[in-house]
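**Student:** Before we start, here is the structure in question, set down as structure tokens.
The values are calculated or read from the model by the stated rules, or taken from the named source; none is laboratory data. Just so it is clear, the model here is predicted, and its values are computed rather than measured. Reconstructed Cβ throughout: ideal geometry from the backbone, glycine too, with neighbour counts over all protein chains shown.
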Amino acid sequence: MQVTEPSIAWSREIASLLILLVASFNIAIADEAGDPAPNKPNAAQLQFFEERIRPVLVEHCYSCHSAEAKDVRGGLLLDSRDAILLGGDSGPALVAGKPESSLLLEAMRHESLEMPPDRKLPDNILNDFETWIQLGAVDPREGGVVRSKRSIDIDKGREFWSFRPLVKPAVPEAGDGWAISDVDRFVAAARSEAANTTTLATADEATPETLIRRLSFVLIGLPPTLDEQKHFIDAWKANPETAMSTTVDRLLASPQFGEHWGRHWMDVARYAESTGGGRSMMLPDAWRFRDYVIHSFNTDKSFQQLVREHLAGDLLPASNDKQRDEQVIGAGYLMLGAINYEEQDKEQLRMDVVDEQIDSMGRSFLGMTLGCCRCHDHKFDPIPTTDYYALGGIFRSTKSLTPGNVCGFVTTPLRVGFDRTALDQWIAKNKELERQISELKKPGREKNDRPGAPNRNVLTGIITDDSEAQLEGKWVASSFQQPFVGVGYHHSDSPRTGVSARFETQLPENGEYVVRMVVNHGESRSDKVPVVVTHADGESTVTVNQKSKPSGDGMFAELGRFRFEAAQQAVVVVKAAEASSGFVIVDSIQFLPISLLSPGERIAASSQIFADNAGKQTELRRLEAERKQHAKSKPEIPTAMCVEDEKSPADWHVHIRGEIRNLGPVVPRGFITVATPVSIGPTITTPNPSTTSGRLELAEWVASSSNPLTARVYVNRIWQHLIGEGIVRTPDNFGETGERPSHPELLDFLAATFVEDDAWSTKRMVRRLCLSRTFRMSSSSTAEQTAADPDNRLLTHAIRRRLDAEAVRDSLLQIAGSLDRSVQSGRTIAKVSTYDNEYRHSMYPTNVRSVFVPSFRNTMLDLFEVFDGANPNLVSGKRTRSTRPAQALYMLNSPFVMQQAQSAAREFLKSPPFEAKNPDISVRNAWQICMSREPTPKELSAILTAIGERPISEDAWTEVFHAMFASVDFRYLE
Amino acid sequence: MKNAEQGTGACFALQPVSFFWQYAMSPSNYSRRELLSQASCGFGGLALNAMLTESSRAADGGTVKADSESIAERLAMLTPRAKRVIFVFMQGGPSHVDSFDYKQDLIDRDGQSIDFTGVRFGDFGQSTKQKLMKPLWRFRRYGQSGKMVSELFPEIARHVDDLCFLHGVHTDGVAHGPATLFLHTGATTLVRPSMGSWILYGLGTENQSLPGFVSLQPSDANGGPRNYSNAFLPAVCQGTSIGRSFQSADQMTIDHIRNSGLSTEETQRRYSLTQRLNQLQADRQGNTDDEVNAVIRNYELAWRMQAQAPEILDLSKETAATASMYGIGEKETDEFGKQCLLARRLSESGVRFVQVNYADQSPNPRWDQHSDMPQHAIHAKATDKPVAGLLADLKQRGLLEDTIVWWGGEFGRTPFSQGSDGRDHNPRGFTVFLAGGGVKPGFSWGATDEIGHLAVEGKVHMHDLHATLLHLLGIDHESLTFQFAGRNFRPTDIYGRVIAEIQS
């Protein structure tokens, strides 16, 4: 006997398997015993394969796992011996001789993977495969295609344009007579290079009225007022350069700059005030991040610092509380992703969060689509999946979630605006109130007793409670109505057939007792409840009226005075079945030994106890009310959404095919190799990675001037917002599948200048670009330009662009005189609730600037939805531009636009630019307010015709403003 | 094909659009400019125009050029069996073992304990004992096919010979939010387009004056608008909600379809002045800007929609006999009957994908009987006659032949009890039924195990169901792709099998 795998020890199991095999297969394998060549399978084994294994593979597996498959799944081929042993993405498909370690069998048994996916194959087939593998997986299928694993050549990858080290190129000598800045010389050079094939004219300079509109919208997102327009045009006539620079400086200094540019960044940071997903939870503190971003742009925080704060603000050193808080809020960036906190597989959820963080960070800062590497090496870019999980280790070592059925997210208390002393005083008072309350509740309280209910231990005599009674039939526990003893009482339920309650107790000594029962009386109760007391002298039946208040203490109804013997059970039976209609209640029965009390005291004592108790209850109620009130005055601890490091940071595994339970090798934490200079190395070594997540090191790596991506990606964003299209027109994708830069040298020049000369200052870069000739070109194009360069990649003229949704709304409000400038910070959610889907914007109308309008993932302001507001679920470096009938319907019919048109008309009619006697001038001014330009004679006459005989009518002007708002030019920037 | 290899290509992004183009128009190679120049003919054209404008700009923000040659090469036409879909969404998870998945064993073994491995937070991976609970309603046979259906759905039961039951459906997501998102978008957490958006992207739409993907009275909970969102697909693929689940069916309308503050004459005046200004502004640009022209045509279209859509939304146009088929006018069925009737009117008018929602605003939706299973009767009562009416009406109008009706929830319910009289979520085996275009009538495919817990035979994962629906509409789910964030996305991720066995 010989099996192909010599290392297998003979065992009873194998022997029995073989016996089975022999028996069922009707081939005497044993006859072949003695064949010495381990790799030469015997005929029986071959026949077994051919008859039992191969047909199954062909029928059930080859459609997805053979060279002929249309789409090979899981990288796994099962059509040759070598392929099956090599396996697919999840590793070798089988280990010869070890069924229990063979993934193939595991999958066929639907234990982990489920194959074939539509059904489990019958047990006899599974047994065949087990046998086959056990006996060495004899497989004659030689050759075949073995898929070679594609390996990524990192060194070659470094040659790709965006991974090359950033070097400032020399300014070309081009554009003489046209260029007024270095930027222009690069643009001119690109144009003259292309001129080898075509000669393209450059557009004229835009008119000053176009330029002031352009500057105003691109820098602060609002139209220039009539005065600002006039002022600029006059200044331009005196000196264009001065006019430009003073206006740019004025706008950069305006707080609205941060509001507008902050919004650009919020698109990238996928900012929202709710989580999205299934149960879209509100994020009541997200506004702090919004304010932080606006503030960062207004104070011109260096982008390098912004990166550090976004990725590791919680770990950065701070010299004071203010700085510390700001940094903590900045790290909220990592928490803003759209996450389905309701996911029940919490391991999956944890990895979903990590993936979201990696993907967003990659696209926001690096222009890399890292999400692709979750399941496999990047198909287009030189980024292996090990790089992804090197980052994965960093973010897995970062805590974002708090546990729960629907998970929560980590928050951090802030220090500024928080009065520690006040809180300490509050806590002290709260403790004192709690102490007093517990003191009052103390005597013998049991843990389930209701507050205010007397406990049995404070009552004299012997108490037996309904909780100890034998309840027959249907009784319902209740604590609905006071007074009662202990945790509550029971009331009868219908039908009352056979319903009774039996109280039994052993009294301590012989003697006479007053027997009483608690009657928490009420109209719904029965008025005739027979109660049988069994005492030393026999049985007595007493009828109790539970409708009326017991005399005396109002709680106990006296059943009578009876003699009991200690040796005998004292029994009280409430015969609910025989009671008159209404609920029957049972609570405690009290036996008051009269020997202990003088006759006058008998009742009084227990009454006193009850009265004391009532006093205590009153006091207790007062204290609890006070505590409730006090709770409301708790000094709010301001908190921010912010990640923190996990307690035990560690490296993590590769997830094969991105599957959370399919763990590959552990990779050390680190960075994207191809974007890291060889001299630095992509792995985190210091400080000790077992005590820190590595997030700080990651932040430094992203913010490093030697990172080839960060500065390039960011200056491209600035360029895009000012010029209309990026130098790279896929701003979030600088990889192979992204577009190539139209002006690579210019991009490098700007990125290097940004790092070396501008100290990562956004405002300096903005100013530089605004003061170029390129920025000042007209958007008019010639047929030749369009034909030769339809996408205007050579920038022969300015790019005509559309206002974003926020600018459309803010312009309407500003022109209507209804823009609410009083809100420039703080929480703007009118009603905070758990989920965002209850929030209807129409119920809380607001005229604040758009950046301050609550931004929920599952309920967006309709105007934003219609005009392509950023999708807060995704990193959006560039807004989509759709043209849809919904936009026309919104402009024509929405109450919001109607209202603004009316307000604008009203506002206009009372102010100087309106001249009642001169409709011509009035129309020109109104037009100028909306469009920042003169109307053409035809436009003028169209409006005048519409006004007709109604030159001072609010209705007429409402109509005019409405049409101007709805017209194309209102929404476009030349 | 060079572009495709590089992955920057229009061929990926535009191929399905051309697919629509060829499907809707006569097949030939158009350049983008030619397409645009012909785009004035109606919404189909305009939608396409917008799609081209957008997919050429918005896919990852890149500028992508239409390359008609490579488009022609990559066409993989399938013969469509259906033109449109009506999805009847039973939100919350109706119990399959109490409705369409009859299990004698479950009745026989009522009260027995079984071992169950937890799949939810709190008991994940832990083994517990659970008590089987027999169906609360009696089953009997219906139709030529002899299909067993419970008393919950006596009206739908009369149509079993037109229905194709999938009993081995299973899905991802155990809680409502994730599972509802998965049902609609094929992803529990990641942001992906809704199936209706994919279909609109692939096929465009037939009607010039109506949106192509409509969701009637959808819930804002459990993913809310994300369930009918285009995600990264062009904005024209966005689903349009008509009504919301917190409103009554009488309020079903398209946002801003009418100007409620102005007379018709005033509205007309404002529209005319706007269009006059638009035209002058276009002239001022020398009429060179495609986008400006597209805006002008969108105003024309909006104006036509304003005139025509309200008529289609107006259910009073129907006869009393038709209304009563849907249970309109009866207390329990009035609301849902109106939805179903509107669905038929929209489908008939050429809306590609209509979703009817039996939904509310709660995170625990209507069919979600964790306790008090008898409440299923209320929901069955509210939906049974309307759905049956829809099936009958589609059939009598000949619409069922090329319309797919898809009925189902985000998951089913467990065969064992939760508490004394409830059932928990069961994503691992449940029933969906289809009817109409291209599916076998009077047919059942797949099975759960003997107690109705796990799908074991003819398993159909939600991705497979998506792939199959797309296939019936003539779309190869593996070829319908859109490039975003550096890679090509398709509706079924890397999964999905077309279930050939259920096709007629």
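**Student:** Return the total of residues in region A:696-740 being over 24 Å from A:Leu803 (Cα atoms) and not in a helix (DSSP H, G or I).
**Tutor:** 12
**Student:** Does B:Asp283 satisfy the condition of being free of Cβ contacts under 8 Å to residues at least 40 places away in the same chain, more than 7 Å from chain A (Cβ to nearest Cβ) and not in a loop (DSSP other than H, G, I, E, B)?
**Tutor:** Considered against the rule, which asks whether it is free of Cβ contacts under 8 Å to residues at least 40 places away in the same chain, more than 7 Å from chain A (Cβ to nearest Cβ) and not in a loop (DSSP other than H, G, I, E, B), B:Asp283 comes out as yes.
**Student:** Something else: With a cut-off of at least 2 residues that are touching a residue at least 24 places away in the same chain (Cβ under 8 Å) and β-branched (Val, Ile, Thr), name the helices (runs of 4 or more DSSP H) lying wholly within region A:42-136.
**Tutor:** By residue number, A:123-134.
**Student:** It is to be established whether one or more residues within region B:118-139 are of a type outside the set (S, T, N, Q), within 14 Å of another protein chain (Cβ to nearest Cβ), within 25 Å of B:Ser99 (Cβ to Cβ) and within 18 Å of the chain's Cα centre (by Cα).
**Tutor:** No, that holds for no residue.
**Student:** In region A:770-792, how many residues are within 14 Å of chain B (Cβ to nearest Cβ), crowded, with 18+ Cβ neighbours inside 10 Å and not in a helix (DSSP H, G or I)?
**Tutor:** 4
**Student:** Which count do you get for residues in region A:726-739 that are surrounded by fewer than 22 Cβ atoms within 10 Å (Cβ to Cβ) and modelled with pLDDT of 95 or more?
**Tutor:** Result for region A:726-739: 0.
**Student:** Only one of (1) surrounded by fewer than 20 Cβ atoms within 10 Å (Cβ to Cβ); (2) at pLDDT 90 or above; (3) hydroxyl-bearing (Ser, Thr, Tyr) is not met by B:Tyr299, so which one is it?
**Tutor:** All conditions are met except number (1).
**Student:** Right, here's the next one. Tell me the strands (runs of 3 or more DSSP E) entirely within region A:516-585 that contain at least 1 residues that are modelled with pLDDT under 90 and within 22 Å of A:Phe480 (Cα to Cα).
**Tutor:** By residue number, A:556-564.
**Student:** I need the full set of residues from region A:519-533 which are in contact with a strand residue (DSSP E or B) (Cβ under 6 Å, 6 or more places away or on another chain) and in contact (Cβ under 8 Å) with a residue 60 or more places away in the chain, in order please.
**Tutor:** The answer is A:Val519, A:Arg525.
**Student:** Against the definition (more than 9 Å from every other protein chain (Cβ to nearest Cβ) and touching a residue at least 12 places away in the same chain (Cβ under 8 Å)), how does A:Gln900 come out, yes or no?
**Tutor:** Considered against the rule, which asks whether it is more than 9 Å from every other protein chain (Cβ to nearest Cβ) and touching a residue at least 12 places away in the same chain (Cβ under 8 Å), A:Gln900 comes out as yes.
**Student:** Same structure, new question: Mind listing whichever residues of region A:922-931 are under 17 Å from A:Pro224 (Cα atoms) and within 14 Å of chain B (Cβ to nearest Cβ)?
**Tutor:** A:Ala926, A:Trp927, A:Cys930, A:Met931
**Student:** Can you go through B:Asn278, B:Asn293 and tell me which one is part of a helix (DSSP H, G or I), in contact with a helix residue (DSSP H, G or I) (Cβ under 9 Å, 6 or more places away or on another chain) and either at the interface with chain A (Cβ under 7 Å from one of its Cβ atoms) or of a type in the set (Gly, Ala, Ser) (or both)?
**Tutor:** Every option except B:Asn278 fails the conditions.
Residue-wise test of (1) within 19 Å of A:Arg802 (Cα to Cα); (2) surrounded by fewer than 20 Cβ atoms within 10 Å (Cβ to Cβ); (3) away from chain B (no Cβ under 13 Å).
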| position | (1), (2), (3) |
| --- | --- |
| A:Leu892 | yes, no, no |
| A:Ala905 | no, no, no |
| A:Arg933 | yes, yes, no |
| A:Glu959 | no, no, no |
| A:Val968 | yes, no, no |
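**Student:** For region B:245-272, which residues satisfy the criterion of being within 7 Å of chain A (Cβ to nearest Cβ) and not in a helix (DSSP H, G or I)?
**Tutor:** The answer is B:Asp255, B:His256, B:Ile257, B:Arg258, B:Asn259, B:Gly261.
**Student:** Same structure, new question: Find the helices (runs of 4 or more DSSP H) located wholly in region A:224-305 whose residues include 2 or more that are of a type in the set (Asp, Glu), and list them.
**Tutor:** Helices (runs of 4 or more DSSP H) meeting the threshold: A:226-238, A:240-253, A:255-268.
**Student:** With the structure loaded, tell me whether B:Ala175 is modelled with pLDDT of 90 or more, farther than 21 Å from A:Gly869 by Cα, surrounded by fewer than 24 Cβ atoms within 10 Å (Cβ to Cβ) and within 12 Å of chain A (Cβ to nearest Cβ) or whether it fails that test.
**Tutor:** no
**Student:** Can you confirm whether A:Phe896 is within 24 Å of the chain's Cα centre (by Cα) and either aromatic (Phe, Trp, Tyr) or closer than 29 Å to B:Arg304 by Cα (or both)?
**Tutor:** In short, no.
**Student:** Moving on to the next point. Which condition from (1) free of Cβ contacts under 8 Å to residues at least 60 places away in the same chain; (2) within 11 Å of another protein chain (Cβ to nearest Cβ); (3) under 13 Å from B:Arg490 (Cα atoms); (4) touching a Phe, Trp or Tyr at 6+ places or on another chain (Cβ under 6 Å) is the one that B:Thr188 breaks?
**Tutor:** Looking at each condition in turn, B:Thr188 falls short on (3).
**Student:** Does B:Asp393 satisfy the criteria of being at pLDDT below 95, more than 22 Å from B:His471 (Cα to Cα) and not β-branched (Val, Ile, Thr)?
**Tutor:** When the stated conditions are applied, B:Asp393 does not pass them.
**Student:** Okay, moving on. Filter the strands (runs of 3 or more DSSP E) completely within region B:440-504 down to those with at least 2 residues that are more than 14 Å from every other protein chain (Cβ to nearest Cβ) and touching a residue at least 40 places away in the same chain (Cβ under 8 Å).
**Tutor:** Qualifying strands (runs of 3 or more DSSP E): B:443-445.
**Student:** Please go through (1) over 21 Å from A:Ala269 (Cα atoms); (2) β-branched (Val, Ile, Thr); (3) modelled with pLDDT under 95 for A:Val848 and return the number of the only condition it doesn't satisfy.
**Tutor:** Checking A:Val848 against (1) over 21 Å from A:Ala269 (Cα atoms); (2) β-branched (Val, Ile, Thr); (3) modelled with pLDDT under 95, the one that fails is (3).
**Student:** Right, next: If we scan region A:912-920, do we find a residue that is modelled with pLDDT under 95 and part of a helix (DSSP H, G or I)?
**Tutor:** Checked region A:912-920: at least one residue is modelled with pLDDT under 95 and part of a helix (DSSP H, G or I).
**Student:** Moving on to the next point. Filtering region A:844-863 down to residues that are within 12 Å of another protein chain (Cβ to nearest Cβ) and in a helix (DSSP H, G or I), which residue is surrounded by the fewest Cβ atoms within 10 Å (Cβ to Cβ)?
**Tutor:** A:Asp862
**Student:** Then there's this: Among the numbered criteria (1) outside any helix (DSSP H, G or I); (2) among the hydrophobic types (A, V, I, L, M, F, W, C); (3) within 11 Å of chain A (Cβ to nearest Cβ), which single criterion is violated by B:Cys164?
**Tutor:** With respect to (1) outside any helix (DSSP H, G or I); (2) among the hydrophobic types (A, V, I, L, M, F, W, C); (3) within 11 Å of chain A (Cβ to nearest Cβ), B:Cys164 is out only on (3).
**Student:** Test A:Leu819 against the stated conditions and say whether it is surrounded by 14 or more Cβ atoms within 10 Å (Cβ to Cβ), modelled with pLDDT of 95 or more, closer than 23 Å to A:Thr883 by Cβ and among the hydrophobic types (A, V, I, L, M, F, W, C).
**Tutor:** Judged against the criteria, A:Leu819 is not a match.
**Student:** Give region A:907-921 a look and list any residue that's more than 20 Å from A:Val808 (Cα to Cα) and either within 14 Å of chain B (Cβ to nearest Cβ) or in contact with a helix residue (DSSP H, G or I) (Cβ under 8 Å, 6 or more places away or on another chain) (or both), or say none.
**Tutor:** A:Leu909, A:Pro913, A:Phe914, A:Glu915, A:Ala916, A:Pro919, A:Asp920
**Student:** If you don't mind, there's one more thing I want to ask. For region B:337-367, give me each residue that is buried (at least 22 other Cβ atoms within 10 Å of the Cβ) and assigned to a loop (DSSP other than H, G, I, E, B).
**Tutor:** Answer for region B:337-367, where residues must be buried (at least 22 other Cβ atoms within 10 Å of the Cβ) and assigned to a loop (DSSP other than H, G, I, E, B): B:Val351, B:Arg352, B:Ala359, B:Pro365, B:Arg366, B:Trp367.
**Student:** Within region B:202-221, can one find any residue that is under 22 Å from B:Arg366 (Cβ atoms), in contact (Cβ under 8 Å) with a residue 40 or more places away in the chain, touching a helix residue (DSSP H, G or I) at 6+ places or on another chain (Cβ under 6 Å) and facing another protein chain (nearest Cβ under 10 Å)?
**Tutor:** Scanning region B:202-221, I find at least one residue that is under 22 Å from B:Arg366 (Cβ atoms), in contact (Cβ under 8 Å) with a residue 40 or more places away in the chain, touching a helix residue (DSSP H, G or I) at 6+ places or on another chain (Cβ under 6 Å) and facing another protein chain (nearest Cβ under 10 Å), so the answer is yes.
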